[in-house]
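Written out below as structure tokens is the structure these notes cover.
The values are calculated or read from the model by the stated rules, or taken from the named source; none is laboratory data. Everything quoted here is computed from the prediction, not taken from an experiment. FYI the Cβ positions are ideal-geometry reconstructions off the backbone, even for glycines, and counts take in every protein chain you see. For accessibility, only protein heavy atoms count, side chains too; no ligands or nucleic acids. Shrake-Rupley method; radii C 1.70, N 1.55, O 1.52, S 1.80 Å.
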Amino acid sequence: MPKVGMEAERRRSLIDATVDAIHERGYSDVTMAQIAKRAGVSGGLVHHYFGSKDQLLAATMRHLLTELGRAIRESLEKAETPRERISAIIAGNFAVDQFQPAVIAAWLAFYVQSRTTDSNSRLLNIYAARLASNLTHNLRAFMPQDEARRIAEGTASMIDGVWIRQALRDGKPNRSAAIALVEDYVETQIAVHLGRITKN
């Protein structure tokens, strides 16, 4: 009989292997057989658990989104003010175990596949809506709802843009520099709005 938890271990192993394979070969070139070999399981087992490469990618992205959500929640636990919560959300989006070359490559594949795969598109839309909503809620402490929504979209775009630019570069990602870029944008936007209020 299979050991308790063996299926969960194999699924996780396959997800980790998918991330590494995409980083090494790119999503288009990697095969289910290569992922299975990397994970140390049979090709038939991959199909049994996930059905297709698209479904495996969707499972991988669900896992990464879960991990991302956990990182943001952990960061938010230490935040007390709206401004601290905004910084926590930004820092959580560049969590150490997420902002790594292999994971960045997997996220880029996710974005590309979301254009043609409904399940991936839904996952991406949920992530984007949650990010914008959380940012908007805290930005409302500094500006009206419409402005907060606009700056939240700008902040989310900055986060996504930094990830994409890193995917196109070689070398180790600079987490501190990435966070600083987004923080500079948010701080400037808040300062501009508070300046408008002072003038009035």
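Summary table below
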read-out: Condition met for N120 (in a helix (DSSP H, G or I), over 23 Å from A102 (Cβ atoms) and of a type in the set (S, T, N, Q)); value: no
read-out: Which listed residue is more than 27 Å from E187 (Cβ to Cβ) and in contact with a helix residue (DSSP H, G or I) (Cβ under 8 Å, 6 or more places away or on another chain), from D54, D118, D97; value: D54
read-out: Checklist (1) under 27 Å from D54 (Cα atoms); (2) in contact with a Phe, Trp or Tyr (Cβ under 7 Å, 6 or more places away or on another chain) applied to Q100, failing item; value: (2)
read-out: Given (1) within 30 Å of I15 (Cα to Cα); (2) open to solvent by less than 70 Å² (accessible area, probe 1.4 Å); (3) assigned to a helix (DSSP H, G or I), number of the condition A148 does not satisfy; value: (1)
read-out: Test: residue in region 96-114 that is open to solvent by less than 50 Å² (accessible area, probe 1.4 Å), over 22 Å from A167 (Cα atoms) and assigned to a helix (DSSP H, G or I); value: no
read-out: Residue match in region 178-188 (condition: surrounded by fewer than 16 Cβ atoms within 10 Å (Cβ to Cβ), in a helix (DSSP H, G or I), modelled with pLDDT under 95 and not small (G, A, S)); value: no
read-out: Qualifying residue in region 58-75 (condition: in a helix (DSSP H, G or I), at pLDDT below 85 and not hydroxyl-bearing (S, T, Y)); value: yes
read-out: I164 vs. criteria in contact (Cβ under 8 Å) with a residue 40 or more places away in the chain, in a helix (DSSP H, G or I) and surrounded by fewer than 17 Cβ atoms within 10 Å (Cβ to Cβ); value: yes
read-out: Cross-chain or 6+ apart pairs with Cβ under 8 Å, region 7-31 first and farther than 15 Å from D97 by Cα and open to solvent by less than 70 Å² (accessible area, probe 1.4 Å), then modelled with pLDDT under 90 and not in a helix (DSSP H, G or I); value: S13/G40; S13/V41; L14/V41; T18/V30; A21/V30; I22/V30
read-out: Where E77 falls short, out of the listed (1) open to solvent by less than 50 Å² (accessible area, probe 1.4 Å); (2) under 29 Å from Y185 (Cα atoms); value: (1)
read-out: Count of residues meeting criterion [assigned to a helix (DSSP H, G or I) and among the hydrophobic types (A, V, I, L, M, F, W, C)] in region 167-176; value: 1
